[in-house]
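Working notes for the structure below.
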Amino acid sequence: MATLLWVVIAIVLVIAIALVAVGARKRNSAKLRNRFGPEYDRAVENRGDQRAAEAELRAREKQRAQFELTPLPEAARLRFAGEWRDVQEHFIDEPAQAAAAADILITRVMEARGYPMNDFDVQADLVSVDHPETVENYRFAHAVQERSLTQQASTEDLREALLRYRSLFDELLRPDGNGADGDGAASNGAASGTTSQARSAGVDNGQRGPAVPDPRDPVTSVTGPADESTGLESDGAGPADPDPDYYDQPTGR
């Protein structure tokens with residue numbers, strides 16, 4: 001009788017431990033899902049396994065924790081904002097060159113903020129920790145820009161790429177220097193501003209893509225309100241909101 005009692009107790013303990021372990025794993029999964037948002041779903045889809053995807057995301061967090069981001073000085077923010085306006089203005093005549101310039105500009109802003117410069121995939125993974133809502137825009141835009149090197153991207157593709165570059169550029173240029181909270185996690189307000197007033201855009205394979213700014217909406221940039229008459233920031237402090245007619249003018253191509 002005593003032996004049977006000890007067996008029952010052991011079974012109960014094993015079940016209790018298993019339930020605690022399952023509960024802890026579910027809580028950890030929920031935390032990662034909340035932190036990474038759409039990037040969590042992308043990792044699971046790419047890995048084909050939830051545990052492997054979560055291990056990858058935790059590895060990104062550890063790598064991101066090894067360096068500290070710093071806010072941009074006001075002079076640097078103004079300089080980068082001015083360079084972005086130049087990129088937009090050059091899009092009319094040279095859309096492919098403008099997309100390439102936007103890619104280079106964002107890389108320079110990342111470097112100025114303190115991101116280590118790696119190959120693109122590693123760089124995007126690090127950015128995903130702080131900007132999970134817009135990193136897929138960055139990947140999409142970079143892919144279009146690379147296709148343009150072999151003349152495989154249309155003017156509309158390049159226009160879409162510039163809009164998507166802009167969504168990340170706005171976040172990187174935030175006056176507080178943050179798209180994340182103190183420990184690197186994406187804050188509730190990280191994707192506000194440009195991306196909170198965004199639309200779901202289709203990619204060239206017909207599937208729904210991540211949110212990108214809609215130039216027809218009255219967007220307020222993180223660096224200042226847009227001047228509707230010119231499509232530029234009214235205070236000169238930040239990048240211009242794209243003017244839909246601006247990008248649709250003939251390019252002579």
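Restricted to the stretch 25-41, and to residues that are open to solvent by less than 70 Å² (accessible area, probe 1.4 Å) and of a type in the set (D, E, K, R), which residue is farthest from Asn137 (Cα to Cα)?
Looking only at the stretch 25-41, we keep the residues that are open to solvent by less than 70 Å² (accessible area, probe 1.4 Å), and these are 29-30, 32, 35-40.
Among the residues that remain, those that are also of a type in the set (D, E, K, R) are: 35, 39.
Details: Arg35: 17, Glu39: 11 Å.
Selected residue: Arg35.
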Please state which of the following conditions Ala55 fails to meet, knowing it meets all the rest: (1) in a helix (DSSP H, G or I); (2) open to solvent by 60 Å² or more (accessible area, probe 1.4 Å); (3) not acidic (Asp, Glu).
(2)
Looking only at the stretch 89-104, decide whether some residue is aromatic (Phe, Trp, Tyr), farther than 22 Å from Ala43 by Cβ and assigned to a loop (DSSP other than H, G, I, E, B).
yes
Kindly provide the set of residues from the stretch 143-176 that are among the hydrophobic types (A, V, I, L, M, F, W, C) and within 20 Å of the chain's Cα centre (by Cα), ordered by number.
Ala143, Val144, Leu158, Ala161, Leu162, Leu163, Leu168, Phe169, Leu172, Leu173
Evaluate the stretch 65-81: report whether one residue or more is outside any helix (DSSP H, G or I), open to solvent by 40 Å² or more (accessible area, probe 1.4 Å) and among the small types (Gly, Ala, Ser).
yes
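Against the definition (in contact with a helix residue (DSSP H, G or I) (Cβ under 9 Å, 6 or more places away or on another chain) and at pLDDT 95 or above), how does Ala53 come out, yes or no?
Details: in contact with a helix residue (DSSP H, G or I) (Cβ under 9 Å, 6 or more places away or on another chain): yes; at pLDDT 95 or above: no.
Taking the combined requirement at face value, the residue does not satisfy it.
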Looking only at residues in the stretch 84-119 that are without any contact (Cβ under 8 Å) to a residue 40 or more places away in the chain and open to solvent by less than 50 Å² (accessible area, probe 1.4 Å), which one is farthest from the chain's Cα centre (by Cα)?
Ala101
Arg60 versus (1) basic (Lys, Arg); (2) surrounded by fewer than 19 Cβ atoms within 10 Å (Cβ to Cβ); (3) touching a residue at least 24 places away in the same chain (Cβ under 8 Å): which is the lone unmet condition?
(2)
Can you pull out every residue in the stretch 120-136 that is touching a residue at least 12 places away in the same chain (Cβ under 8 Å), of a type in the set (Asp, Glu) and part of a helix (DSSP H, G or I)?
Asp125, Asp130, Glu136
It is to be established whether one or more residues within the stretch 131-143 are of a type in the set (Lys, Arg) and at pLDDT below 90.
no
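The values are calculated or read from the model by the stated rules, or taken from the named source; none is laboratory data. Because the structure is predicted, anything quoted here is derived from the model rather than measured. No Cβ is skipped: glycine too gets one built from the backbone with ideal geometry, and neighbour counts run over all protein chains shown. These accessible areas exclude ligands, DNA and RNA; they are computed on the full protein's heavy atoms, side chains included. Shrake-Rupley method; radii C 1.70, N 1.55, O 1.52, S 1.80 Å.
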